[in-house]
Amino acid sequence: MKTNRFAYRRFLGRRFSTLAAGMVATILSLGLFGQACAQGSGAIKDPERARYYDLYKGKRVVFVPVFMGLDLTEAWSKIMQLQAKRLGYEYEVRNANFDTSAGVQILTQLLNEDPKPDVVVIHNPDVTSYAKIEKKLEQAGVSVVQLNMKSLQMTTGFAGGDATVIGEMQAQSVVKHCGPDTSRKVLILNGPTTAPWTVYLQDGYNKVFEKNPEINIVARQSVGNYESSKAKSITEVTLKQHPDLCAVIGVWDIPDMGTAAAIAQEGKTGKVFLSTNGGFSDYACKAIEEGKFSNYISFNVPGQGRDVNNLIQMALQSPDKPGTLQVALYSPLQEITKSDLASNRCWTLDTVHQ
């Protein structure tokens, strides 16, 4: 027992010495760290910052919209411009002005420029016209980010609403409203024949109406290049032919101001259900509040602005060839009616920010 007791004391002594040495080392290291903190006021440089900001120097981003002057394109452009200013790269707009051939010419010029832009952000007028040149741009080393209206050619990035889901949501709202106590007659207004905001929406409508054959589609007609006057005249004629029309599915809020005007002209505001979609700017809010739009699917333009900015940053930072990584950021969608309008916030061009 005595031997064991002395051995145990020796063990405790050695253990205490080890612990004491460790504590001293820790105290010394803390003291040195404390001195360093005191000398540098606790500051540590972020090792990523310099590389991050250097990446953008001398870079160029070009936005090619279908048309400037729209709430959508003006807001997207402002948000992209703010980021360019913050990060120090060049940003410019080349407006196709609702002319597809002019848009093709603009993209061809960008392809042939020396030096070429680093990123081109494209708002497609239809699913095919820009597809081949988008592929050529990426093969030439230019990253292509598509915004809200997507061609059949997938590129480095896409940011925008899922038009197929928007179509489903609009159609479902009509099915819910046009029950057995109504005529179940529905008018569908489309955009240009091959526009993404026509063909992808149609896919969504069809998915719903195929499951609800009781809905009677009385007409599907194009409003041209999203023309409010054309939407108005088509709706006027349809209401005369079908005075018991239950609902109209509109392609987009701007032309559907004409649709709403035709419904009001016939004294049917609140009687003919009008479903539309858009970026949820202030004039859309007003139309919802006044009962012109019965159902509204918002794809949130300010949110899309941030998404496209993130894709631009990704493209400018990536060491890979354009198109190696392909990223789609579909916008969260929100269904809005007059009853829940107060809990949602619209935007104006003055209030959008980066």
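The values are calculated or read from the model by the stated rules, or taken from the named source; none is laboratory data. Because the structure is a prediction, the values reported are computed rather than measured. Cβ: placed from backbone, ideal geometry, glycine included. Neighbour counts: every protein chain shown. Side chains are part of the model used for accessible areas, which takes the heavy atoms of the whole protein and leaves out ligands, DNA and RNA. Shrake-Rupley method; radii C 1.70, N 1.55, O 1.52, S 1.80 Å.
Residues that are surrounded by fewer than 23 Cβ atoms within 10 Å (Cβ to Cβ), at pLDDT 95 or above and more than 16 Å from Asn124 (Cβ to Cβ): does region 195-203 have at least one?
Yes: region 195-203 contains one or more residues that are surrounded by fewer than 23 Cβ atoms within 10 Å (Cβ to Cβ), at pLDDT 95 or above and more than 16 Å from Asn124 (Cβ to Cβ).
For Val119, which of the numbered conditions (1) in contact with a Phe, Trp or Tyr (Cβ under 8 Å, 6 or more places away or on another chain); (2) among the aliphatic types (A, V, I, L, M); (3) open to solvent by less than 50 Å² (accessible area, probe 1.4 Å) fails to hold?
For Val119, the failing item is (1).
Going by the structure shown, is Asn216 in contact (Cβ under 8 Å) with a residue 24 or more places away in the chain, open to solvent by 50 Å² or more (accessible area, probe 1.4 Å), in contact with a Gly (Cβ under 8 Å, 6 or more places away or on another chain) and not aromatic (Phe, Trp, Tyr)?
When the stated conditions are applied, Asn216 does not pass them.
Condition (residue is open to solvent by 60 Å² or more (accessible area, probe 1.4 Å), outside any helix (DSSP H, G or I) and touching a residue at least 60 places away in the same chain (Cβ under 8 Å)) applied to region 53-61: is it met by at least one residue? If you could, list the steps in order and put the result at the bottom.
Taking region 53-61 first, the residues open to solvent by 60 Å² or more (accessible area, probe 1.4 Å) are 53-54, 57-58.
Among the residues that remain, those that are also outside any helix (DSSP H, G or I) are: 57-58.
Subsequent filtering for residues that are touching a residue at least 60 places away in the same chain (Cβ under 8 Å) retains none.
Scanning region 53-61, I find no residue that is open to solvent by 60 Å² or more (accessible area, probe 1.4 Å), outside any helix (DSSP H, G or I) and touching a residue at least 60 places away in the same chain (Cβ under 8 Å), so the answer is no.
Table: residues versus (1) open to solvent by less than 10 Å² (accessible area, probe 1.4 Å); (2) among the β-branched types (Val, Ile, Thr); (3) in contact with a Phe, Trp or Tyr (Cβ under 6 Å, 6 or more places away or on another chain).
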| site | (1), (2), (3) |
| --- | --- |
| Phe273 | no, no, no |
| Asn277 | yes, no, no |
| Ala284 | yes, no, no |
| Glu290 | no, no, no |
| Tyr296 | yes, no, no |
| Phe299 | yes, no, no |
| Gly303 | no, no, no |
| Val308 | yes, yes, no |
| Gln313 | no, no, no |
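Would you mention how many residues in region 72-98 are open to solvent by 30 Å² or more (accessible area, probe 1.4 Å) and either touching a strand residue (DSSP E or B) at 6+ places or on another chain (Cβ under 8 Å) or not hydrophobic (A, V, I, L, M, F, W, C) (or both)? Show your work before the answer.
Just the residues of region 72-98 that are open to solvent by 30 Å² or more (accessible area, probe 1.4 Å), to begin with: 74, 78, 81-82, 85-86, 88, 90-95, 97-98.
Next cut, either touching a strand residue (DSSP E or B) at 6+ places or on another chain (Cβ under 8 Å) or not hydrophobic (A, V, I, L, M, F, W, C) (or both) only: 74, 78, 81, 85-86, 88, 90-95, 97.
Count: 13.
Could you identify the single residue in Lys211, Lys185, Lys232 that is surrounded by fewer than 18 Cβ atoms within 10 Å (Cβ to Cβ) and of a type in the set (Lys, Arg)?
It is Lys211.
Take Pro302 and decide whether it is more than 30 Å from Gly141 (Cβ to Cβ) and part of a helix (DSSP H, G or I). Show your work before the answer.
Working: more than 30 Å from Gly141 (Cβ to Cβ): yes; part of a helix (DSSP H, G or I): yes.
In short, yes.
Val174 - would you say it is at pLDDT 95 or above, open to solvent by less than 40 Å² (accessible area, probe 1.4 Å) and not small (Gly, Ala, Ser)?
Here the answer is yes, as Val174 does meet what is asked.
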